[in-house]
Every structure is written in C-alpha cells, then in structure tokens.
Amino acid sequence: MKDNEQAIYDTLSRALLAGMLTPGAPLREPALAKVFGISRERIRKILQRLGTNRLIELVPNRGAFVASPAQEQAHGIYEARRILEGGIVGHLAASPGADTDTVERLREHMDRESAALKSGDRAESVRLSMQFHMILAEATGNFFIVRQVQELVSRTSMLVAVYEAANASQCACEEHRDIFTALVGGDGAGAARAMRAHLSLIETRLRPGVMAPARDAVELLAQLWTASSHAAHTGTPDARHANSVGRGA
C-alpha cells in the first residue's frame, strides 16, 4: 500500500521537477484517483505531501494546482541561499578535517548527478541538485540550519523546473564539483565563493517563457503512470520513455 503511494508520489514529482506540467494547471482529485487506481483520500494524502514540498499549490476550497512560482521572487530567495549556504560550506571547510562520511556521500552523489545528466533524466537531475545542497546542510548537524535550507531549496525547486532550460544541468554538475574540490581542500573562502557563484549562476539561468507547453495534465500523468508501471513489471528503466512523453514525442 505504502509502496504504491510512494510510486505515485514519485511519478507526480518527476513530472513536476521535469517541468512537464503547465504552471497553474489543476490537479483534480477524482481524475487522479481514476488514473492511479486509488481512493480520493489516498490521492489527497499524496497531494498534501507534494504541497508540503512546494511542488504544488494547495488552495483552500479550490483544490490542488501545479505550482506557479513567481520569477520576481527569485532574487530574494537566491540571495538568502547565498548568505546561508556560503556560510555552511565555509564552516564545513574550516572544520578540522572534512568528515569522511560526508565526503564519500558527496562524491557518490556527484557520480549519480553525472549519470542522470548522461541519461537525459531532467527530473532526476533537478532532484539530485536539490539533494546536494541538503547533504551539505545536514553535515552541519544543526537542525535549524537544515530546516532553513530545506525551506529555501523547496522554494527554488519549481523555479528551476519551470524557468531553467533543460541543458543547464551540465553547468550545475560542474559547479557542484568546484564547491566539493574547495571543501575537501579545506579552502573555506574558496568553497564559500564557489557556492555563491553557483547560486548566482542558477539565478541568471532562469528565463521567462522557458516552460512546458500547455498539455492536459491528467492525460500526461496517465501516460507516465503506464510507462512507470510497465517498467516496474519488466525491470527496465522508464526515465527515457517518461522524458519523451514530457516532450510530446
């Protein structure tokens, strides 16, 4: 039961993070319940989780909608991230010896980022990019820092999904490696500088008009769910097929 809900959540979040769904498009509970073959109560639970992670907007008495992030808010959000996350990596680099577990976790994580980029998996690239920043926050061991970074990263996830060109993931991977190199080298100032530059470059890559064409959200999700279910039964990856669905191929 829970595994099925997680699979549905993953299908919805992949479509959102890949920028496949038009901002502002309604996500109707009855239609989604029919697509995924579950009750409206269970769909509502999944939508609540997506809303908590700011991938969709939940409007009282109206329902759920694909998030419509305002690009005008981007500067304030990224400025907050530059201040906070620049301080995080500077602090971690200045600590006596970088934590071995964190270093290995980051190294393996960047390998997954490269693999997602190579496979053309846009949604996974966006998700992993978000997770890179959360790994750094968690390495501080400070609950309040983790909570603030989670809030800010969640706010920017749909900005990236909606307004950043798909080919920008290559740049993000390279920028993460620059941060990592300075961090493991104990160069606090360099790590902070690389982080601030990375976040500034993401902000400059956001472009109005770079968003998914208008498509029926329910139809698209039905296709994605069929592809995902087929992959689960055959043991084959569905990322390439899902991406082609998102492009209207």
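Between E219 and S154, 0.36 nm times their residue separation minus their Cα-Cα distance comes to what? Each step should come with its number before you reach the end.
Numbers: separation 65, 0.36 × 65 = 23.40 nm, distance 2.63 nm.
Taking 0.36 nm per residue and subtracting the Cα distance, the gain is 20.8 nm.
Compute the relative contact order of the chain as a whole-number percentage, counting only Cα pairs closer than 8 Å that sit 6 or more residues apart in sequence. Can you show the working numbers first?
Working: 322 pairs, mean separation 74.8, N = 249.
It rounds to 30 percent for the chain.
Please list the radius of gyration and Dmax for region 151-198, considering alpha-carbon atoms only, with Å as the unit.
Spelled out, the Cα radius of gyration and Dmax of region 151-198 are 12.5, 35 Å.
On each of the three principal axes of the Cα atoms of the chain, give max minus min coordinate, whole Å, ordered largest first.
Its Cα atoms span 55, 40, 32 Å along the three principal axes.
How big is region 110-160 on each of its three principal axes, counting only the C-alpha atoms and giving the largest first in Å?
So the three principal-axis extents are 35, 23, 8 Å.
Treat each spin label as a single point 7 Å out from the Cα along the C-beta direction, and report the A189 to T204 distance in nm.
Taking the simple label geometry, A189 and T204 are separated by 2.2 nm.
Would you calculate, for the chain, the mean residue ellipticity at 222 nm contributed by helices, counting each DSSP H stretch of 4 or more residues as -39,500 (n - 2.57) and dividing by all residues, to the nearest 500?
Numbers: 11 runs with 177 residues, N = 249.
Taking each H run of at least 4 residues, the total per residue is -23500 deg cm²/dmol.
How high is the relative contact order of region 124-211, given as a whole-number percent (alpha carbon pairs under 8 Å, six or more residues apart)? Intermediate results must be reported in sequence, preceding the final value.
Working: 60 pairs, mean separation 28.4, N = 88.
Over region 124-211, the number comes to 32 percent.
Please compute the contact order of region 51-137 in relative form: average sequence separation of alpha-carbon pairs under 8 Å and at least six residues apart, divided by the residue count, as a percent.
Working: 37 pairs, mean separation 17.0, N = 87.
Relative contact order comes out at 20 percent.
So what are region 77-169's ellipsoid semi-axes, whole angstrom, largest first, if each one is the square root of 5 times an eigenvalue of the alpha-carbon gyration tensor?
Values: eigenvalues 108, 63, 19 Å².
Square roots of five times the eigenvalues give 23, 18, 10 Å.
Mean shadow of region 18-130, computed from the convex hull of its alpha carbons, in nm²?
Working: hull surface 40.3 nm².
One quarter of the hull surface, i.e. the mean projection, equals 10.1 nm².
How much of the accessible area of the chain, probe 1.4 Å, is carbon plus sulfur, in whole percent? Could you put the intermediate results ahead of the total?
Details: 6660 of 12340 Å².
The computed percentage sits at 54.
Which value in nm describes the separation of the simple spin-label points at Q6 and V59, placed 7 Å from the Cα toward the beta carbon?
That separation, rounded to one decimal, is 3.3 nm.
With all pairs of different alpha carbon atoms counted, what Kirkwood hydrodynamic radius in Å does region 110-225 show? Intermediate values should be presented prior to the final figure.
Values: mean 1/r = 0.0645 Å⁻¹.
Here the Kirkwood hydrodynamic radius works out to 15.5 Å.
Taking only protein heavy atoms into account and a 1.4 Å probe, give the accessible area per residue of the chain in Å². It would help to have the intermediate numbers written out before the result.
Details: 12340 Å² over 249 residues.
Here the residues of the chain average 50 Å² of exposed surface.
How would you order 78-89, 14-25, 30-41 from highest to lowest mean count of nearby Cβ atoms within 10 Å? Can you show the working numbers first?
On the way: 78-89: 19.7, 14-25: 22.0, 30-41: 15.4.
Packing proxy ranking, top to bottom: 14-25, 78-89, 30-41.
State the extension gain, in nm to one decimal, for the chain segment bounded by T100 and A197, taking 0.36 nm per residue of separation less the distance between their alpha-carbons. Each step should come with its number before you reach the end.
Values: separation 97, 0.36 × 97 = 34.92 nm, distance 2.54 nm.
In short, 32.4 nm is gained.
The values are calculated or read from the model by the stated rules, or taken from the named source; none is laboratory data. Quick caveat, the model's predicted, so the values are computed rather than measured. Ideal geometry is used to build each Cβ from the backbone, glycine not excepted, and the neighbour counts take in all protein chains shown. Side chains included, ligands, DNA and RNA excluded: accessible areas come from the protein's heavy atoms. Shrake-Rupley method; radii C 1.70, N 1.55, O 1.52, S 1.80 Å.
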